[in-house]
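The values are calculated or read from the model by the stated rules, or taken from the named source; none is laboratory data. Keep in mind that what you see is a predicted model, and the values were worked out from it rather than measured. Every residue, glycine as well, gets a Cβ built from its backbone with ideal geometry; the counts of neighbours run over all protein chains shown. SASA here: full protein model, heavy atoms, side chains in, ligands and nucleic acids out. Shrake-Rupley method; radii C 1.70, N 1.55, O 1.52, S 1.80 Å.
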Amino acid sequence: MGKIKDAGVKTILDKDNYFHWKVKMYLHLLSIDESYAKCIEKGPHAPMKVCTSIGADGEDIVGKMIPKPIHKYSPEDTEEVHKDKKTINILFNGLDQDMFDSVISCSTFKEVWDTIRTICEGNEQVRGNNIQLLIQQYESFHFKAGESLSDTFNRFQKLLNGLKLYGKVY
């Protein structure tokens, strides 16, 4: 479970390794199909068609885009809709039991991804606070007495990586 067939590494999420898991999972999805990233950003594909008749309630919807009935899906529509299920499957196989229990009721990949993000990173206010804390640590970063250059570099690199994961690049 959670084994990535191409890389042969396990990427099981628990709350302590979220940021590493997020990067690995995102890159894994991109390595399979670059369009999977669109599922994170835009949500599932919903095939649409141009309406050619008046709505059942008499509303004039001629020329407007409406959802396409499943029986009218083209092979391309079916493939695009199925991508959401594929990405959910990949994601579910990268979760520990506790995290899986938290997202099992989610119906789309975007909903699963966003729920995991909220569980692990917190809401926008918590993320903002974490960013501010990292920025303060960055601005006041200094060499500690008795610390080796290698340890200082590793500590600084970890700080920069934390900032980058929140979208802040210095």
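To two decimal places, what compactness ratio does segment 82-125 give when its Cα radius of gyration is scaled by 2.2 N^0.38 Å? Provide the component values of the computation, followed by the final result.
Numbers: Rg = 10.3 Å, N = 44, 2.2 N^0.38 = 9.3 Å.
Working it through for segment 82-125, the quotient is 1.12.
Beyond 31 Å between alpha-carbons counts as too far, so tell me which of Lys22/Lys49; Lys68/Lys168; Lys49/Lys168; Lys85/Lys164; Lys49/Lys86; Lys49/Lys110 fall in that bin.
Numbers: Lys22/Lys49 35 Å; Lys68/Lys168 40 Å; Lys49/Lys168 40 Å; Lys85/Lys164 29 Å; Lys49/Lys86 24 Å; Lys49/Lys110 23 Å.
Too far apart for the 31 Å limit: Lys22/Lys49; Lys68/Lys168; Lys49/Lys168.
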For segment 96-150, take the convex hull of the Cα atoms, compute a quarter of its surface area, and give me that in nm², please. 6.4 nm²
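Scale the Cα Rg of the chain by the rule-of-thumb value 2.2 N^0.38 Å and send over the ratio, two decimals. Intermediate results must be reported in sequence, preceding the final value.
Details: Rg = 21.7 Å, N = 170, 2.2 N^0.38 = 15.5 Å.
That works out to 1.40 for the chain.
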Can you tell me the relative contact order of the chain? Whole percent, Cα pairs under 8 Å, sequence separation 6 or more. 21 percent
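Please state the relative contact order of segment 102-170 as a whole percent: Cα pairs under 8 Å, 6+ residues apart?
Numbers: 21 pairs, mean separation 18.3, N = 69.
Reported relative contact order: 27 percent.
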Cα→Cβ-extended label distance, 7 Å offset, between Ile12 and Lys68, nm: 4.0 nm
Using alpha carbons only, how many degrees (0 to 90, rounded to 10) separate the axis of helix 149-165 from the longest principal axis of the chain? 20 degrees
Which of Gly94, Gly128, Gly146 moves the most in a Gaussian network model of the chain with Cα springs under 10 Å? Gly146
Per residue and in Å³, how big is the convex hull formed by the alpha-carbon atoms of segment 34-99? 144 Å³
Looking at the chain, identify the longest residue range that excludes and avoids all GluC sites (Glu not before Pro) in DSSP loops having at most 14 other Cβ atoms within 10 Å. 60-146
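Expressed as a whole percentage, what fraction of the accessible surface of segment 14-164 belongs to carbon and sulfur atoms when a 1.4 Å probe is rolled over the protein heavy atoms?
On the way: 5350 of 9790 Å².
Looking at segment 14-164 in its full context, I get 55 percent from C and S.
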